[in-house]
1. Go over the candidates Leu341, Leu377, Leu320, Leu428 one by one and state the one that is free of Cβ contacts under 8 Å to residues at least 60 places away in the same chain, of a type outside the set (Asp, Glu) and farther than 30 Å from Arg8 by Cα.
2. Could you tell me which of the residues Val301, Val313 is crowded, with 20+ Cβ neighbours inside 10 Å and either over 30 Å from Phe439 (Cα atoms) or free of Cβ contacts under 8 Å to residues at least 60 places away in the same chain (or both)?
3. Could you tell me whether any residue of region 269-278 is touching a strand residue (DSSP E or B) at 6+ places or on another chain (Cβ under 9 Å), β-branched (Val, Ile, Thr) and closer than 26 Å to Tyr454 by Cα?
4. Give me the residue from region 118-163 that is basic (Lys, Arg) and in contact with a strand residue (DSSP E or B) (Cβ under 9 Å, 6 or more places away or on another chain) and, out of that set, farthest from Ala80 (Cα to Cα).
5. Could you run through region 363-374 and say how many residues are among the aromatic types (Phe, Trp, Tyr) and over 28 Å from the mean Cα position of the chain (by Cα)?
6. Of Tyr419, Tyr431, which residue is part of a loop (DSSP other than H, G, I, E, B), surrounded by 14 or more Cβ atoms within 10 Å (Cβ to Cβ) and hydroxyl-bearing (Ser, Thr, Tyr)?
7. Within the bounds of region 386-409, is there any residue that is surrounded by 14 or more Cβ atoms within 10 Å (Cβ to Cβ), aromatic (Phe, Trp, Tyr) and outside any helix (DSSP H, G or I)?
8. Considering only residues of region 380-417 that are in contact (Cβ under 8 Å) with a residue 60 or more places away in the chain and of a type in the set (A, V, I, L, M, F, W, C), which is farthest from Ile34 (Cα to Cα)?
Amino acid sequence: MTFLETIRILFERFILIYAICIALFYIFLAIVSIFVLRSYLRKNSFVNYEVILSSPFAPSISIIAPAYNEEKTIVENIRALLSLFYHDFEVIIVNDGSADATLKKAIEAYDLELVDFAVNYKIPTQEVRGVYKSRNSSFSNLIVIDKENGGKADALNSGINVSNNDYFVSIDVDSIISSDALLKLAKPFMEEKKRRIIATGGVIRIANSCVINGGQLDMIRLPKQFLARFQVLEYTRAFLMGRMAWSRLNGLLLISGALGLFDKEVAIKCGGYYAPTVGEDMELVVRMRRFMSEEDKKYKVAYVPDPLCWTEVPTTLKVLGRQRNRWIRGTIDTLRIHKRLFFNPKYGLMGMLSYPYWFFFEWLAPLVETVGLFYFLLIALFGAPNWPFFFILLGFVYFYGVTYSTYAILYEELTFHKYERKWDVLRLFVYAWLEPLIFHPLILFWAIRGNFDYFVAGKKGWGKMERRGFEKKKKKKKS
């Protein structure tokens, strides 16, 4: 056997073992998620959230929502945040140097005025130009910060500096939060006795084509847009079948930037959000976990599986590509910053399982898949591939992906059943068959482009994220 033949055999075995490991790990996460979710729903059926609503022991919360060029949705989104059910909370909108009418529309809609406010820069940020509060007593818990542009992380840090409460919620201002979201996010902080809860996160769902009325969802519908429907599948798998299991193992490294509740004291001790990165949500969670481990303190990052937040997702290839490019660059950045965790037993399960999982299966998977595709093209052009084995393997990978998505859809229907129209559910099943052929290659391309932009081009920015705005309920005409 020649040296090249030996390399070829070793490479093919590596690809096969790698693929089997990913498949088995996903199955493991799915099985764990089933049992944990069933247990959660059973226990949660007896919970009376009105007790939390009236409890003096419930944590005080500051909702921090960065806004950059959000003039299309800012008024509606602020209304949604102000209408949340909770006894002690404030809403802090951070206008991060918007170039449009975001600030102007907020001022006009909520009768805001500039007030004297001494900002305590516990976390260094760009300069705050002004702090606004409403003349209307109905909006007494609304604060709007106007500051120089510094990016999302810098805007969140400004909100933390201005906030008055012990805990803060980080959200995307273009999101619609369920009215009881704060109650459900606060619950783990109140019921955990042995460990300190440092953060909680919830399920993110897609609001495209849903009808919004009075700042809340009036009708939940499957998105009309082609790309958005694929993202429904993607989000369902990630939140229902992945993060639920990681929370149970206490190995969760990511709380979506669209909605997360954090212990402000721990966040400040860690230095707040790391502004230079575009993956500030994941990086903060990893840094808070690392801080607690190094302080030898018992802690947990909890996950609430109820659909708590509905957000608008990109509907064009250009904008979606920018988002996915940013996601992969943020992941690489976090892994690089915290490389000390890699197989480090000092950090427990986070170092021995969570970090390696993200390294091998979240970051490296697109690279390995791309190398495998190019390798097959080479042997197809210059060698003699085993075509029967190739088609068997291809069929197995395709049907595995379809089955996993189908399983996620079915389990969502058996638990939360948010899509009431049968046609919406049937369409999701159709898209589960189309996704490996259409959407997955796009995700793969954007992941490779993200790696190129990070390591070669040195790209640091977010990229422009355009919003279409939510669909509002139409008023009936008087006859």
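The values are calculated or read from the model by the stated rules, or taken from the named source; none is laboratory data. Predicted, not measured: the structure shown is a model, and the values here were computed from it. For neighbour counting, all protein chains shown are included, and Cβ atoms are generated from backbone atoms with ideal geometry for every residue, glycine included.
1. Of Leu341, Leu377, Leu320, Leu428, the one residue that is free of Cβ contacts under 8 Å to residues at least 60 places away in the same chain, of a type outside the set (Asp, Glu) and farther than 30 Å from Arg8 by Cα is Leu341.
2. Exactly one of Val301, Val313 is crowded, with 20+ Cβ neighbours inside 10 Å and either over 30 Å from Phe439 (Cα atoms) or free of Cβ contacts under 8 Å to residues at least 60 places away in the same chain (or both), namely Val301.
3. no
4. Arg129
5. Adding up the residues that qualify gives 1.
6. Tyr419
7. There is no residue in region 386-409 that is surrounded by 14 or more Cβ atoms within 10 Å (Cβ to Cβ), aromatic (Phe, Trp, Tyr) and outside any helix (DSSP H, G or I).
8. Val397
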